Amino acid sequence: MTTAHTYVTTTIPYVNARPHLGFALELVQADVLARFRRAQGEQVRFQTGTDDNSLKNVLAAEAAGVPVQEFVDRNAEAFVALREPLALAVDDVIRTSRDPRHRRGVERLWRACADAGDLYRKHYEGLYCVGCEQFYTPAELTGGRCPEHGVEPQRVAEENWFFRLSRYADRLHDLVAGGRLRIEPAERRNEVLGFIAGGLEDLSVSRSTTRARGWGIPVPGDPGQVVYVWWDALGNYITALDYGTGGEDYGRWWVGADRRIHLVGKGVLRFHAVYWPAVLLSAGQPPPTDVVVHDYLTVGGRKISKSGGGTADPIALAGEYGTDAVRWWLLREVPRVGDADFTVDRLVARANDELANGLGNLVNRVVAMVHRYRDGHVPLVGTGIGGGIGAPGGEALEAVCRQAPGLVRSALDDFAFRRATAPVWAIVDEANRYVDLTRPWELARAERDGDPGAAARLDAVLAALVRACETLADQLAPFLPGTAARITAQCTAGESGLPEPRPLFRRLTAPEPEPLP
Ligand SMILES: [Zn+2]
């Protein structure tokens, strides 16, 4: 049997401003998938990067009075710096303005589509939103304004290269409808099918070098034009695998991969589920297998803007409240469909309630009882029937521990992150209930009073609780890797038994509300 290969990517954000919590959501979701699949024995490559070649970056650099490359480098650093505070097990980070793999890959992709007869020059006039780096038809605007940015688009008239998207409508429909290109959740899949059914028009895929202010990758053989930033950016998924030289990584992680999974926000669905697969089909390359779409986060009821507010800075939040509190909020509270509203109070409440009280107390209690009643040594008792945790009177605890792996797997196979946390949480709930039910302190008292049955029962209860904590650590590892490692450390005996109980979490305090002006 060969090992499954899975390639997981996030989108690559523009670096015109510092990273915000919405992108952290995407990174954390991708990280959970990568960690989970690795733990299942798959070979996984998890990639992210930065989209340096956007006109937005040029404009932001000009506004800041900084040379473009310097500006882009500085902001790209801030994105790369998310790895540690968010505990991301990333394998590769591509930077599209810096990485030599990128330009040669984009050029090869362009030539492949040109060879297929899918690129041609045409005079074009349209309404362009720089924020989106996208043309809009008047019908797509809301009151004459960009639906994403609320600004009036610019009228642009120039000669551009066009891609024959219209040619691929039937094949795209078949890919999506037949499930070979899976789009989750179903609402987004239907949106894509509707868009394709509405008719696909050819797509402008270059800009004049003047309008791009000389920033970007020149069109091969036409230095007066640069490659459209979206074409350039989408290319990263294969250029980082060195598609440009047809390298070994490209064969292994794209052509030969069992799954090619893109995580994207709802605003860029069309680019990933329509334009990108069409470009790949034109170039004779396989399309992605999965496009997983998340909705948006708001902060305190307002749409996140990259420029606004320190409250949604993921690095600051992780520094103040801890990596796992941030990951847990993102995984536990953000629904699959529909926007989620972030506030620090919600993050703090969730972490205190579940991590400090529910999970932290459980592990702390269990380890403390093993110390108090058994001098730190986990009693050796046989496992229950069928390799269960052998909990006397703990059928419910046995059941949740046994069911968790399958339920987590099926939720993550559906990319339902919040649903995937529920079976893990059920172990915490049941284990705490089991402590209350079996009352080990009463068993200890009965043991001291000479009841031999109580001693054996206490052994079994403590052993079962330690096993439940170990199961919890295993199941929690993709979601909260730091916490999982701390639980494992607490439950791993050395020569003198378990280590002294140490709190897993500190209780968090929400910031004081701002005084009224
Ligand atoms: Zn826009």
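The values are calculated or read from the model by the stated rules, or taken from the named source; none is laboratory data. This structure is a prediction, so every number in the text was calculated from the model and none was measured. Here Cβ is always computed from backbone atoms with ideal geometry, including for glycine, and neighbour counts include all displayed protein chains. Calculation scope for accessible area: heavy atoms of the full protein, side chains included, ligands and nucleic acids excluded. Shrake-Rupley method; radii C 1.70, N 1.55, O 1.52, S 1.80 Å.
Tabulated data for the structure shown
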quantity: Cβ pairs under 8 Å, 6+ apart, first in the range 434-448 and closer than 20 Å to CYS401 by Cα and aliphatic (A, V, I, L, M), second at pLDDT 95 or above and in a helix (DSSP H, G or I); calculated: VAL435/LEU362; VAL435/ARG365; VAL435/VAL366; VAL435/LEU465
quantity: Helices (runs of 4 or more DSSP H) (entirely within the range 8-101) containing at least 3 residues that are small (Gly, Ala, Ser); calculated: 21-39, 55-64
quantity: Selection count where residues are surrounded by fewer than 15 Cβ atoms within 10 Å (Cβ to Cβ) and either small (Gly, Ala, Ser) or more than 16 Å from the ligand (Cβ to nearest atom) (or both), scope the range 143-170; calculated: 7
quantity: Verdict on VAL130 being in contact with a helix residue (DSSP H, G or I) (Cβ under 7 Å, 6 or more places away or on another chain), surrounded by 20 or more Cβ atoms within 10 Å (Cβ to Cβ) and of a type in the set (A, V, I, L, M, F, W, C); calculated: no
quantity: Qualifying residues in the range 133-142 (those that are closer than 20 Å to ASP202 by Cα and within 11 Å of the ligand (Cβ to nearest atom)) - the one surrounded by the fewest Cβ atoms within 10 Å (Cβ to Cβ); calculated: GLU140
quantity: Check on VAL229, under 24 Å from the mean Cα position of the chain (by Cα) and open to solvent by less than 30 Å² (accessible area, probe 1.4 Å); calculated: yes
quantity: Residues satisfying the stated conditions in the range 193-237, i.e. in contact (Cβ under 8 Å) with a residue 24 or more places away in the chain, touching a strand residue (DSSP E or B) at 6+ places or on another chain (Cβ under 8 Å) and small (Gly, Ala, Ser); calculated: SER204, SER206, SER208, ALA212, GLY216, ALA233
